[in-house]
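Visitor: Input: one structure, supplied below.
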Amino acid sequence: MLTTLIRNGTVVTSTDTRAADILIEGERIKEIGPSLPVDTAGKVIDATGMLLLPGGIDVHTHLDMPFGGTTSSDDFETGTKAAAFGGTTTLIDFAIQPKGTRMRDALDTWWKKAENRASIDYGLHMIVTDLGEAGLEDMDHLVSEGVASFKLFMAYPGVLMVDDSTIFQMLSRTAKNGALICLHAENGGIIDVIVKRAIAEGKTAPIYHALTRPVAAEAEAVHRAVAMSEISGAPVYIVHLSSEEALNEVREARDRGVPIFAETCPQYLLLSIEDLARPGFEGAKYVFTPPLRKKNNPPKLWEGLKHDHLQVVSTDHCPFCFEDQKILGKDDFTKIPNGGPGVENRLQLLYHHGVNAGQMSLNRFVELVSTTPARLFGLYPRKGELAPGSDADIVIWDPEAQYEISAKTHHMRVDYSMFEGFRVKGNARTVFSRGEKIVDQGSFLGRTGRGAFLKREARGGAWK
Ligand code: URP
Ligand code: ZN
Ligand code: ZN
């Protein structure tokens with residue numbers, strides 16, 4: 001079997017940092033240790049001065065997703081390629097069950113979107129919009145197919161939102177089938193009223209997207225999620241947590257032993273509501289939900305990452321082009337497709353603003369972008385770890401590489417960057433996915449369609 005020996009690097013896991021070589025055999029890691037013998041028939045890569053990290057796992061992306069009257073601009077081909085350039089080797093994307101249909105049909109639809117296009121491995125969560133007669137049995141079926149998590153919306157009434165009864169029934173079912181319920185926590189009913197008032201008053205600019213979605217509406221929904229978790233005894237994962245107030249709800253619940261987990265995203269750590277007030281229609285580039293918060297908010301989220309009140313950093317990558325998609329809301333912010341791009345930049349931004357800035361250790365960085373996502377979503381130790389037997393998803397990370405983020409050079413299929421002009425130190429130099437070198441020094445060497453669907457295990461880390 002083909003071997004590759006990565007020599008002289010520093011192996012970084014969530015628990016350990018050590019000088020060691022990694023031997024890849026086929027698709028897996030065979031051995032890790034100092035001064036491993038060179039197999040003259042195999043390949044050898046010198047990683048002197050480099051960090052060797054487990055491939056990034058982004059558990060929150062929306063590729064090829066119909067939303068807001070249009071479709072997210074990256075599909076599984078362009079989105080997974082962009083992810084790979086940034087050192088992410090696994091995505092978990094969302095299939096959507098339209099109202100009145102069966103979850104299985106949605107799964108088939110998303111499998112078709114992904115197969116023959118993805119160049120890295122991927123899993124799917126199921127967004128459920130309508131439980132219907134057979135919904136709870138359908139859930140069990142989906143779990144047996146490896147779709148071991150479900151996203152439910154407490155926001156977007158009339159479109160994606162489900163009521164508390166649905167959430168509670170599904171949560172209770174997870175006690176039997178071991179799935180993980182992910183919640184978009186915002187009180188959609190309240191927000192809808194505030195939004196309608198704003199529009200009636202002629203407040204149509206992008207900034208009103210943020211001003212009509214108060215932090216209390218997020219904190220309230222998180223509080224309700226905590227209560228439902230406590231009553232059902234099942235864990236809950238809060239997606240894209242944006243505010244200090246919501247974080248306080250998570251922290252307090254965790255302190256009481258409630259199995260609540262939460263992710264945040266680079267945009268909430270690095271941007272603020274001022275970005276929505278940029279001149280002209282520029283603010284539309286920053287319209288996503290929950291919205292960006294005040295300038296004093298990001299430091300609280302960094303603290304949350306430090307103290308494990310937040311366990312994961314994902315991207316909520318949901319790109320829409322400015323010129324022909326965001327523009328749909330030129331005269332009415334409610335028509336701006338909600339979402340922003342970021343799948344390529346997650347590791348760069350968290351490494352630079354987290355590790356380089358002294359906000360977190362290297363091991364915590366790995367834990368947030370790879371190991372905990374793998375554990376919580378039923379992929380560990382196949383993914384998220386550097387150990388014999390794990391998939392050889394390995395990033396050779398150059399801690400000295402200087403890089404400027406820009407839409408001119410990124411690989412995401414979108415005409416702007418939320419982080420335009422951000423300079424970072426530290427970047428992926430070489431990326432392996434299941435033993436295959438798919439990115440090297442700015443070149444894509446992978447193959448469209450090589451990415452495999454990941455059947456994820458139920459009763460992942462959130463249940464333990
Ligand atoms: O604005 C966002 N976040 N768009 C994607 C859908 C979602 O709520 O995650
Ligand atoms: Zn959401
Ligand atoms: Zn999302």
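Visitor: Set Lys and Arg Cβ to +1 and Asp and Glu Cβ to -1, take the dipole of the stretch 1-112 about its Cα centre, and tell me which of 40, 89, 5 lies farthest positive.
Guide: Final value for the positive-end residue is 89.
Visitor: Order these peptides, 307-315, 39-47, 273-281, by their mean beta-carbon neighbour count within 10 angstrom, highest first.
Guide: Values: 307-315: 22.7, 39-47: 13.2, 273-281: 15.1.
Highest mean packing first, the order is 307-315, 273-281, 39-47.
Visitor: Follow-up. Give me Rg over Rh for the chain, both radii from the alpha carbons and Rh done the Kirkwood way, two decimal places.
Guide: Working: Rg = 21.1 Å, Rh = 22.1 Å.
My calculation of the ratio gives 0.96.
Visitor: Further question: For the stretch 146-276, evaluate the Debye formula with one uniform point scatterer on each Cα (no solvent term) and list log10 I(q)/I(0) at q = 0.20, 0.21, 0.22 Å⁻¹, rounded to two decimals.
Guide: Computed log10 I(q)/I(0) values: -1.16, -1.24, -1.32.
Visitor: Which angle between 0 and 90 degrees, to the nearest 10, do you get for helix 244-255 versus the longest principal axis of the chain when only C-alpha atoms count?
Guide: 70
Visitor: Dipole of the chain, Cα-centred, from +1 at each Lys and Arg C-beta and -1 at each Asp and Glu C-beta, to the nearest 20 debye? Could the numbers behind the result be given before it?
Guide: Details: 51 positive and 60 negative charges, 65 e Å.
It comes to approximately 320 debye.
Visitor: Between residue 448 and residue 169, what length comes free when the chain is fully extended (0.36 nm per residue of separation minus the Cα-Cα distance, one decimal in nm)?
Guide: Working: separation 279, 0.36 × 279 = 100.44 nm, distance 3.94 nm.
Extra length from residue 448 to residue 169 when fully extended: 96.5 nm.
Visitor: Run the accessible area of the chain with a 1.4 Å probe and give the carbon-and-sulfur part as a rounded percent. Before the final figure, lay out the partial values.
Guide: Numbers: 8380 of 16730 Å².
The computed percentage sits at 50.
Visitor: Relative to the longest principal axis of the C-alpha atoms of the chain, give the angle of the C-alpha long axis of helix 164-177, reported between 0 and 90° and rounded to the nearest 10°.
Guide: 30
Visitor: Over every pair of different alpha-carbon atoms in the stretch 1-149, take the mean of 1/r and invert it; report that Kirkwood radius in Å. Let's see the in-between values first.
Guide: Values: mean 1/r = 0.0557 Å⁻¹.
After inverting the mean inverse Cα-Cα distance, the result is 17.9 Å.
Visitor: Hey, what's the Cα Rg ratio for the stretch 1-68 versus the globular rule of thumb, 2.2 N^0.38 Å? Provide the component values of the computation, followed by the final result.
Guide: Numbers: Rg = 16.1 Å, N = 68, 2.2 N^0.38 = 10.9 Å.
Against the empirical 2.2 N^0.38 Å value, I get 1.47 for the stretch 1-68.
Visitor: Around residue 25, what is the net charge, scoring Lys/Arg as +1 and Asp/Glu as -1 over all other residues with Cβ under 14 Å from its Cβ? Don't jump to the answer; show the numbers that get you there.
Guide: Working: positive: 28, 30, 43, 434; negative: 21, 27, 31, 39, 391, 436.
Summing Lys/Arg as +1 and Asp/Glu as -1 gives -2.
Visitor: Order these peptides, 125-132, 251-258, by their mean beta-carbon neighbour count within 10 angstrom, highest first. List each step's numbers first, then the result.
Guide: Working: 125-132: 21.5, 251-258: 14.9.
Ranked from most to least packed, the peptides come out as 125-132, 251-258.
Visitor: Please compute the contact order of the chain in relative form: average sequence separation of alpha-carbon pairs under 8 Å and at least six residues apart, divided by the residue count, as a percent. Don't jump to the answer; show the numbers that get you there.
Guide: Values: 1140 pairs, mean separation 103.4, N = 464.
Once divided by the residue count of the chain, the mean separation gives 22 percent.
Visitor: Counting only DSSP beta bridges with both residues in the chain, what percent are antiparallel, rounded to the nearest 5? Show your work: numbers first, answer last.
Guide: Numbers: 34 of 71 bridges.
Taking every DSSP beta bridge with both residues in the chain, the antiparallel ones total about 50 percent.
Visitor: Over all directions, what mean area does the Cα convex hull of the stretch 311-464 project, stated in square nanometres? Could the numbers behind the result be given before it?
Guide: On the way: hull surface 45.5 nm².
Dividing the Cα hull surface by four gives the mean projection, 11.4 nm².
Visitor: Please give the solvent-accessible surface of residue 245 in Å², to the nearest 10, using a probe radius of 1.4 Å with every protein chain present.
Guide: Number for this one is 80 Å².
Visitor: How big is the C-alpha Rg of the stretch 225-354 next to the rule-of-thumb value 2.2 N^0.38 Å, as a ratio? Don't skip to the answer; put the middle values down first.
Guide: Details: Rg = 16.0 Å, N = 130, 2.2 N^0.38 = 14.0 Å.
After normalising by residue count via 2.2 N^0.38 Å, the value is 1.14.
Visitor: Continuing with the same structure: Quick check: net charge around residue 430, other residues with Cβ under 14 Å of its Cβ, Lys/Arg +1 and Asp/Glu -1?
Guide: Working: positive: 7, 43, 429, 437; negative: 46, 393, 398, 436, 440.
Combined, the nearby Lys, Arg, Asp and Glu give -1.
Visitor: Another question, then. Hey, what did the stretch 307-464 get for relative contact order, percent, Cα under 8 Å, at least 6 apart? Walk me through the intermediate numbers first.
Guide: On the way: 239 pairs, mean separation 34.1, N = 158.
For the stretch 307-464, the relative contact order is 22 percent.
Visitor: Where does the Debye-calculated log10 I(q)/I(0) of the stretch 347-409 sit at q = 0.22, 0.26 Å⁻¹, using only Cα point scatterers of equal weight, no solvent?
Guide: Treating every Cα as an identical point scatterer, log10 I(q)/I(0) equals -0.97, -1.11.
Visitor: Same structure, new question: Give the peptides 433-444, 180-191 in descending order of average Cβ contacts within 10 Å, highest first.
Guide: Numbers: 433-444: 18.3, 180-191: 23.7.
Listed from highest to lowest mean packing, they are 180-191, 433-444.
Visitor: Between residue 330 and residue 176, with labels modelled 7 Å along Cα→Cβ, what's the label distance in nm to one decimal, could you check?
Guide: If labels sit at residue 330 and residue 176, their model points lie 5.3 nm apart.
The values are calculated or read from the model by the stated rules, or taken from the named source; none is laboratory data. Please read these numbers as outputs of a predicted model, since none were measured by experiment. A quick note on method: Cβ atoms are made from the backbone with ideal geometry, for glycine too, and the neighbour counts reach across all protein chains shown. Calculation scope for accessible area: heavy atoms of the full protein, side chains included, ligands and nucleic acids excluded. Shrake-Rupley method; radii C 1.70, N 1.55, O 1.52, S 1.80 Å.
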